[in-house]
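Throughout, read-outs are computed from the coordinates displayed, never taken from laboratory work. Since we're looking at a predicted model, the values are computed, not measured. All Cβ positions, glycine included, derive from the backbone under ideal geometry; neighbour counts span all protein chains shown.
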Amino acid sequence: MELTGVNCKKDWLGLPAGVKFDPTDQELIEHLEAKVREEGSRSHPLIDEFIPTIDGEDGICYTHPEKLPGVTMDGLSKHFFHRPSKAYTTGTRKRRKIQTECDVHKGETRWHKTGKTRPVMANGRQKGCKKILVLYTNFGKHRKPEKTNWVMHQYHLGDLEEEKEGELVVCKIFYQTQ
């Protein structure tokens, strides 16, 4: 099979059985760099097939993972490019509350950051950062939030702990089965 650019996308129905898209942290940062065209890097011609971009009201922080395209509860991960939005017009806090049917009953579902933001190194220097977030649900005003098995690893470029306003990030979402 000859891959000659965009024309091959239409005929390509996916990877052969047994082949998985499972990039390392460093490879995800490289894909993100290429997507934003950092330092003359070039994006793989099929990367949008493996890491789609989700914007606006369909964004990661608005939609339950079960409703995101291609996300399953079998432990396999799905990757997305997106731009985190601010929770408020002033300040730097990111929106992590998602909209669900439970919101009607005064419950809430949100991503909580766990642990420290970790550097992602490549060739001996920091290229980006990784945050780990876990989805929690809270059904009622006075109830303690309950941890779910949904996990998100979010990556951004640079050496700052927080991503810049409007910056494109890449995330890996999966349902932890063990």
Completion exercise
Set LYS20/LYS164; LYS35/LYS116; LYS127/LYS147; LYS35/LYS67; LYS67/LYS130; LYS67/LYS127, cut-off 29 Å on Cα-Cα distance; pairs above it are LYS20/LYS164; LYS127/LYS147; LYS67/LYS127
Practice task
Rank these for me by crowding, HIS82, HIS156, HIS44, HIS64, going from fewest to most other beta carbons within 10 Å.
Solution key: HIS44, HIS64, HIS82, HIS156
Completion exercise
Rounded to one decimal in nm, the spacing of the 7 Å Cα→Cβ label points at ARG42 and LYS113 is 3.6 nm
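What order do you get for TYR155, TYR62, TYR175 when you list them from fewest to most C-beta neighbours inside 10 Å?
Values: TYR155 23, TYR62 16, TYR175 19.
Listing TYR155, TYR62, TYR175 from fewest to most nearby Cβ atoms yields TYR62, TYR175, TYR155.
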Completion exercise
The extension gain from ARG143 to THR24, computed as 0.36 nm times the residue separation minus the Cα-Cα distance, is 39.1 nm
